[in-house]
Amino acid sequence: MNIKQIPNKVKQTIEKYKLCSKKDKVLVALSGGKDSSSVLYLLKKFGYKVEGFHINLGISGYSERCLDSIRKLCDELDVKLHVYEMRKEQGGSMCYIRTGVQSKEKLNNCAVCGVVKKWVMNKEARKLKADKIATGHNLDDEAQTVLMNFFKGNLDLSINSKPIVGVVVDKKFVPRIKPLFFIPEDDVRTFALDKKIEHISEPCPCALDSYRIKTRKFLNTVDGKEKLNIVNNNLEMMKDKKVSSEVKYCEVCGEPSRGEICKKCKMLGSKI
Ligand code: AMP
Ligand code: ZN
């Protein structure tokens, strides 16, 4: 893709899938990386009401560099930033929380971190009265997820691999939107460098999910068109699949949940 086409392609995704409107307050989940920083840059440029949200995971060195970069980005774009401090709110870094979980259950680092991050994002976004949470997920992330679920026989999990997740009407659930859903990762990188969008290039030192790494390596051997086919086929397959309309609330934390107890509480007990 010619990177000049990225803003228009993102605009089309926003319009076609009704990701957000100009009235919405959109909280952009910022990791410090090129993807979420580009989402903030683009949504701000398009005139949406955006604020930044970062979870400081407390990973020594790395987290400080992420936060520095995010503060700079938000200053440059004149965007309000909210920072959630894992150590302060939870009494420990993500590494500490994860180690506790992994001593009881064999789960990879990203699986634990992903569940906790989603839980924090939804709860905090609701507190901040945000209408949408925007994340930096790009075409490669989504194609990887779909393929991994396919390989593992977890087809149902790919239902969330779409540009907007969680439109089930529930007042406690803040829908998550993915404006870069159709943009290949390499193009986002080139775009961020070209537009001099502040970000860090360092990967998370804890991201050691070997299955995802293996899938990413495989997907790097196919071109953008084929990645697009993977996500488009999945969208087509999931088109008529209904997400259960019955929304339950976790008996431990009160957050929306598929079961009696949400994934986060199952993993962590009532720690958070
Ligand atoms: P990841 O699961 O690390 O691939 O991240 C996917 C998306 O989640 C990113 O593009 C961000 O939008 C968001 N995200 C990841 N880490 C953080 C963080 N520490 N704070 C806020 N948002 C995050
Ligand atoms: Zn819970």
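The values are calculated or read from the model by the stated rules, or taken from the named source; none is laboratory data. Source: prediction; values computed, not measured. Don't worry about glycine lacking a Cβ; one is built from the backbone with ideal geometry, like all the others, and counts go over all protein chains shown.
Of the conditions (1) within 16 Å of ligand 2 (Cβ to nearest atom); (2) surrounded by 12 or more Cβ atoms within 10 Å (Cβ to Cβ), Ile200 fails just one. Which one is it?
(1)
Being without any contact (Cβ under 8 Å) to a residue 24 or more places away in the chain and of a type in the set (Asp, Glu) is the filter; apply it to the range 227-258 and report the residue that is surrounded by the most Cβ atoms within 10 Å (Cβ to Cβ).
Glu251
How many residues, within the range 117-132, are surrounded by fewer than 23 Cβ atoms within 10 Å (Cβ to Cβ) and either part of a loop (DSSP other than H, G, I, E, B) or hydrophobic (A, V, I, L, M, F, W, C) (or both)?
Residues meeting the conditions: 6.
Select from the range 17-36 the residues that are near ligand 1 (Cβ under 9 Å from one of its atoms) and small (Gly, Ala, Ser) and list them in ascending order.
Across the range 17-36, the qualifying residues are Ala29, Ser31, Gly32, Gly33, Ser36.
If you take the residues of the range 223-272 that are β-branched (Val, Ile, Thr), out of contact with any Pro (no Cβ under 8 Å at 6 or more places or on another chain) and away from ligand 1 (no atom under 16 Å from the Cβ), which of them is modelled with the lowest pLDDT?
At the first step, the residues of the range 223-272 found to be β-branched (Val, Ile, Thr) are 230-231, 243, 247, 252, 261, 272.
Checking which are out of contact with any Pro (no Cβ under 8 Å at 6 or more places or on another chain) leaves us with 230-231, 243, 252, 261, 272.
Then drop every residue that is not away from ligand 1 (no atom under 16 Å from the Cβ), which leaves 230, 243, 252, 261.
Working: Ile230: 97, Val243: 69, Val252: 93, Ile261: 93.
Going through the qualifying residues, I end up with Val243.
Taking Phe181 as the residue in question, decide whether it is within 16 Å of ligand 2 (Cβ to nearest atom) and touching a residue at least 40 places away in the same chain (Cβ under 8 Å).
No; evaluated as a whole, the condition is false for this residue.
Could you identify the single residue in Ile97, Ile59 that is surrounded by fewer than 19 Cβ atoms within 10 Å (Cβ to Cβ), among the β-branched types (Val, Ile, Thr) and either within 16 Å of ligand 2 (Cβ to nearest atom) or closer than 19 Å to Pro205 by Cβ (or both)?
Ile59
Only one of these is closer than 26 Å to Leu228 by Cα, at pLDDT below 95 and surrounded by fewer than 23 Cβ atoms within 10 Å (Cβ to Cβ): Asn108, Asn2. Name it.
Asn2
Would the range 233-250 turn up any residue that is away from ligand 2 (no atom under 16 Å from the Cβ), among the charged types (D, E, K, R) and closer than 30 Å to Asn2 by Cα?
Let us first name the residues in the range 233-250 that are away from ligand 2 (no atom under 16 Å from the Cβ), namely 233-246.
From what is left, the residues that are among the charged types (D, E, K, R) are 236, 239-242, 246.
The next check asks that each one be closer than 30 Å to Asn2 by Cα; those that pass are 236, 239.
Checked the range 233-250: at least one residue is away from ligand 2 (no atom under 16 Å from the Cβ), among the charged types (D, E, K, R) and closer than 30 Å to Asn2 by Cα.
Condition check ((1) touching a residue at least 40 places away in the same chain (Cβ under 8 Å); (2) part of a strand (DSSP E or B)) across all residues:
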{"site": "Lys18", "(1), (2)": "yes, no"}
{"site": "Lys22", "(1), (2)": "no, no"}
{"site": "Ser31", "(1), (2)": "yes, no"}
{"site": "Val39", "(1), (2)": "yes, no"}
{"site": "Ser63", "(1), (2)": "no, no"}
{"site": "Tyr84", "(1), (2)": "yes, yes"}
{"site": "Gly100", "(1), (2)": "yes, no"}
